[in-house]
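Colleague: Dropping the structure in here first, questions after.
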Amino acid sequence: MLCRTSKPDFVKPSLNSDQEEIHIYGEAREENIEWRFLAQVRILAAINEAHSSLRVVDYDIFEFSNRTKPLTLINRDHRLSHIRIEIRYVNQFYEKLPNFTEESRSGDILLNFSDGKPSLKVHSSLMALYSPNMAKNLEKFQTSEFLHSGKQAEIDMTECDREDFVEVLYQIYSQARPLWADFRRLSRGAVAYQILPVMERIIKHLIEFDMPIIQKIKEAIKLGVEDAIGELAFTAEKLGIWSYLIGTGFDPKAEFGDDIYHRLICPALIQAKRTPHFARYRFPYKLPYSLENPTEMEMPFMVPLKVSGKTFFVNKGILQLYNDSEMATGNNGERYFRINVELSKYLESKDLTIQQVIEAMLNYMNPQNHRIRIEFVRPVIMIANEHKMFKLVKEMEQFLVDEPPMTSELLLDQLVFAQRYNLKNVIGQTLLRIEVNFVNIAYNLIETEIFKKHISKDLQNKIMDRIVSGWGQSSWRLADCIPTKKLRRFIEGDCGGPTSNHDADLVTFNEINSHYAFGEPHAAKAEQE
């Protein structure tokens, strides 16, 4: 039976197993969804024979997503009559991948493929930012003559299949799609049109992947990622691997082909031999991303953004990606953000200027950056919420999730802000912290007038519940924010936990889980002097 709730939730017995198993997993109700949930999970069981009540036999922090394996519960006790699974969500992420064929979708250029299917609608400025090669072909669509002609901009995509380039577009338009979701298709599309920021991520993934270096070179050859081939060969020489392989009779021409060996591998090996040990093979590609002095090639794809007398030049596709529909437009096409009273008061209280905040926000939007100083996060959320840039709000929220409030004043301030802007993950993470690590801070919180007047009754009740009955108070594992990787668990009448899948005689101290070996740390009595 598949149990469903309002979230992608989940209990399903295994049908093909010698043992009784319950598989706990999630399913999205729509296609092309990237989702994940971090949750506290408690497993309770009861033995009917003894007329016992349900009791907790196992617990931990688990991550459920469309890319994780199910949590598997193995019933080792035939006397069990009831099993109950309790779940409290801590962090939730849900994003529908864009559909580039929707008629209502924003975009100014059509990508045509030879498969007869509908064209893909995308933003030409965003394509130009990611690919200098495509920028040369797209520049003609940004002239005044073409823009006033009323014609539809479109280009024929002949260098790769539709599915290959859709994977590339997912990487451009969404941070949710893992690089490895369809790595070969992604690589083919990125290489075909030289989508350089995506190619840099592909190269990094290939180099860092846990695989013998020769196999990685072969994989890079199959994918056509030439910079990765050279860098891997360079690394092999620096680490002494290449010389060792040659000494064993390894034939690089036979393994890699004559062309690849002479054109890419030999130059990389010579460079490695001639340079100091700490030298690098190459420096990663960096996007030309200047807010004040864009290059001549960039200018056709830029829009001026006026902020308190200062002009920033922003890629039009970047603003469209985050939603520029609520921004004001001047007579000459320049764009403006609305600055409301609440934001003005906040900036004044923090001694920040709107120029500083907007510049920090625009630099964060750089596809190769995605970093921002914490003092700018809240004002960016305020601006993004005002202009319905909900993608940006979600991304900024994660910075607040990772920033623990160290005093009761900061904790209260964070809760008020999260409640005001509906930041559910900030609230969920804060409630988890309150259970154990910040419980003393929370004691001071509930006595304040701000708590009583500005925190909703529902949230007040949740906070009080976590202070007095939080699951994390019985186990530090339930107060952690790092999910366990031990997904096969056993259940018995009075205990449960992760199953062992290796020889206990070969266990080292490094492998021992101290919680299961020695119990909870707070249960150990400290000796008095």
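Readers should treat all values here as calculations from the given coordinates under stated rules, not as data from a laboratory. This is a predicted model, so every value here is computed, not measured. Backbone-built Cβ (ideal geometry, glycine too); neighbour counts: all protein chains shown.
Colleague: Report the convex hull volume per residue for the stretch 211-287, counting only C-alpha atoms, in Å³.
Modeller: That works out to 103 Å³ per residue.
Colleague: Still on this model: Where does the charge balance sit around LYS286 when Lys and Arg score +1, Asp and Glu -1, over other residues with C-beta under 15 Å from its C-beta?
Modeller: +2
Colleague: Counting other Cβ atoms within 10 Å, which GluC sites (Glu not before Pro) in the stretch 238-300 have at most 12 and lie in a DSSP loop?
Modeller: Counting only loop positions with at most 12 other Cβ atoms within 10 Å, the GluC sites (Glu not before Pro) in the stretch 238-300 are GLU292, GLU296.
Colleague: For the chain, what's the relative contact order in percent, using C-alpha pairs closer than 8 Å and at least 6 residues apart?
Modeller: Averaging sequence separation for qualifying contacts and normalising by length gives 15 percent for the chain.
Colleague: At 222 nm, what value in deg cm²/dmol follows for the chain if DSSP H runs of at least 4 each add -39500 (n - 2.57) and the sum is divided by all its residues, to the nearest 500?
Modeller: Helices in the chain give a 222 nm mean residue ellipticity of -11000 deg cm²/dmol.
Colleague: Here's a follow-up. When only C-alpha pairs under 8 Å and at least 6 residues apart count, what is the relative contact order of the stretch 211-287, in percent?
Modeller: The value is 35 percent.
Colleague: Go through the stretch 241-256 residue by residue and turn each phi into a ³J(HN,Hα) via Karplus (6.51, -1.76, 1.60, θ = phi - 60°); whole Hz please, and just put x for glycine and proline.
Modeller: In residue order, the calculated couplings are 5, 5, 4, 4, 5, 4, x, 8, x, 4, 10, x, 5, 5, 6, 10 Hz.
Colleague: Kindly rank 25-34, 464-473 from highest to lowest mean number of other beta carbons found within 10 Å of each residue.
Modeller: 464-473, 25-34
Colleague: With charges set only on the Cβ (+1 for Lys and Arg, -1 for Asp and Glu), what does the dipole of the stretch 107-194 come to about its Cα centre, in debye to the nearest 20?
Modeller: The dipole magnitude comes to about 120 debye.
Colleague: Let's see if you can work this out: charge +1 on each Lys and Arg Cβ, -1 on each Asp and Glu Cβ, no other charges. What is the dipole magnitude of the chain about its Cα centre, in debye to the nearest 20?
Modeller: Result for the chain is approximately 560 debye, rounded to the nearest 20.
Colleague: Can you count the Lys pairs in the stretch 149-252 with C-alpha separation below 30 Å, eight or more apart or on different chains?
Modeller: So the count works out to 7.
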